[in-house]
1. Of Lys35/Lys443; Lys84/Lys443; Lys35/Lys81; Lys35/Lys84, which pairs sit farther than 21 Å apart, going by alpha carbon to alpha carbon?
2. Suppose each label sits 7 Å from its Cα in the direction of the beta carbon; what would the Lys437-Leu203 distance come out to in nanometres?
3. Given a Förster distance of 56 Å, report the FRET efficiency between Glu425 and Gln334 from their Cβ-Cβ distance, rounded to the nearest 0.05.
4. Please give the length that would be gained between Asp215 and Ile7 if that part of the chain were fully extended, namely 0.36 nm times their separation in residues minus their C-alpha to C-alpha distance (nm, one decimal).
5. With viscosity set to 1.567 mPa s at 4 °C, what whole-number translational diffusion coefficient in µm²/s follows for the range 173-255 from Stokes-Einstein and a Kirkwood radius over Cα pairs?
6. Could you state the accessible area per residue of the range 303-404 in Å², with a 1.4 Å probe and every protein chain left in place?
7. Label-point separation (nm) for Asp227 and Glu189, each offset 7 Å from Cα along Cα-to-Cβ?
8. Suppose R0 equals 35 Å; then what is the FRET efficiency for Gln174 and His237 from their Cβ-Cβ distance, rounded to the nearest 0.05?
Amino acid sequence: GCVDHPIVLTEAVCNPLYSRQMMSELLFECYQVPKVSYGVDSMYSFHHNRRQGWPCNSLIVSSGYQCTHVLPVLEGRLDAKNCKRINLGGCQAAVYLQRLLQLKYPGHFAAITLSRMEEILHEHSYIAEDYLEELQKWRSPEYYESNVHKMQLPFSSKLLGSTLTSEEKQERRQQQLRRLQELNARRREEKLQLDQERLDRLLYVQELLEDGQMDQFHKALVELNMDSAEELQSYIHKLSLAIEQTKQKILQAEVSIEVDVVDSKPETLDLDPLGSEQSLEDVESIHEFEPLFAEEQPEVEKPVTTVEPVFNLAEYHQLFLGTERIRVPEILFQPSLIGEEQAGIAETMQYVLDRYPKEQQALLVQNVFLTGGNTMYPGLKARIQKELLEMRPFQSSFQVHLASNPILDAWYGARDWALEYVNHEEGWITRKDYEEKGGEYLKEHCASNVCVPIRLPKQAPRTTEALAPTKVLAASVGNPCDLA
């Protein structure tokens, strides 16, 4: 029903006041928390990794799952006015790798899942110190063979029918036999129905001739594409024989158990092309299935031959990671690779540094701190050093530091701060502060955001608003000509 101990909670950089207000209301009203403190995860990580002799000024590069932040820290406090965010992180990199491999291996579309891509991204990707130069290296076949990584997807190496016993093969053969019998019986019934309909139509035309309706008889002959009554009689006779033969086949199929091979003989010619095509399909289907149902001779045992696959199934289910290893994490420095109209980490760092005078720039670059799970790529620290070397003045100094544990250092830093300041008032928002100053209120500390109070617009006094319409009304009543 309640939480009777203080809570340290991380929030986004420059968190909107409304979001903090909703969280404070939930904690104090619903869970009856005695006091709460809000902080930024990357600031907690910075203070946890801060060693003896580290300067209080720093330029923090925090890259997480959803976005990347560049945070300037002056005198141990966050300078919120000059913070910048890049909407790129580990999520976008995993989606980009998934899209690349699905286009490269469309046959394994379903196996290339997002969770599998995240695992591959963490284990096999790295950031090139010089992207274009690294791409040139991958053009060499020798370099490709020595640096390509092969991923094995799960697959089954069992061949259909290779492990079936003789009883299972016989049972499968009997099932196929029954299906073929049902298919032939259904086709014969459909053929008998169509032939009967054609015969009824021809008999109707013959009745027109017997009744003396010559005009309608000649029209019917033209529709049937016939020239004379003798041709009509010949078609009626052939169709009657075909119907009788089909009925005999149906009767024989009901009595016999074995496959009826009478359909393999050519049928009597039908009257229209559709009937002939159907009979030809019927004959071809029987020829296709005849090798499957040839009579077995149990006395002659044939040696079982193992069927070798045409290609290696294991190699078919492999993913080859080549340039994707450097191409995917490169989006942190070149977001245009995935169509994002944003600046990369290097350009954003340059933009943030340019907002300060040269003296403060020199202080900030003395401690460029990298934290967040997305900064664990091998080569990221060397790439940042190379970018700073290009953007900083000649013979100027800078230092780049990587968090000892970029994923968990934010939690460790929050734990350290909570143990150190649990009995202090600094940074803690009590229930009394919440009731007096509102849910958006924030007490600043070394790892927190900057408190920005809500500025409500000033309202005009009600007396002047009430007097204004009366004056206008008096003027309009007293002197209508002036009003006009």
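1. Exceeds cut-off: Lys84/Lys443; Lys35/Lys81; Lys35/Lys84.
2. The modelled label-to-label distance comes out at 10.3 nm.
3. Values: r = 47 Å, r/R0 = 0.84.
Computed FRET efficiency for Glu425 and Gln334: 0.75.
4. Here the answer is 64.8 nm.
5. Details: Rh = 14.7 Å.
This corresponds to a translational diffusion coefficient of 88 µm²/s.
6. 53 Å²
7. 4.1 nm
8. 0.30
The values are calculated or read from the model by the stated rules, or taken from the named source; none is laboratory data. Keep in mind that this is a model prediction, so the values were computed, not measured. Every residue, glycine among them, receives a Cβ derived from its backbone with ideal geometry; neighbour counts consider all protein chains shown. Please note that ligands, DNA and RNA were not included when accessible areas were found on the heavy atoms of the full protein model with its side chains. Shrake-Rupley method; radii C 1.70, N 1.55, O 1.52, S 1.80 Å.
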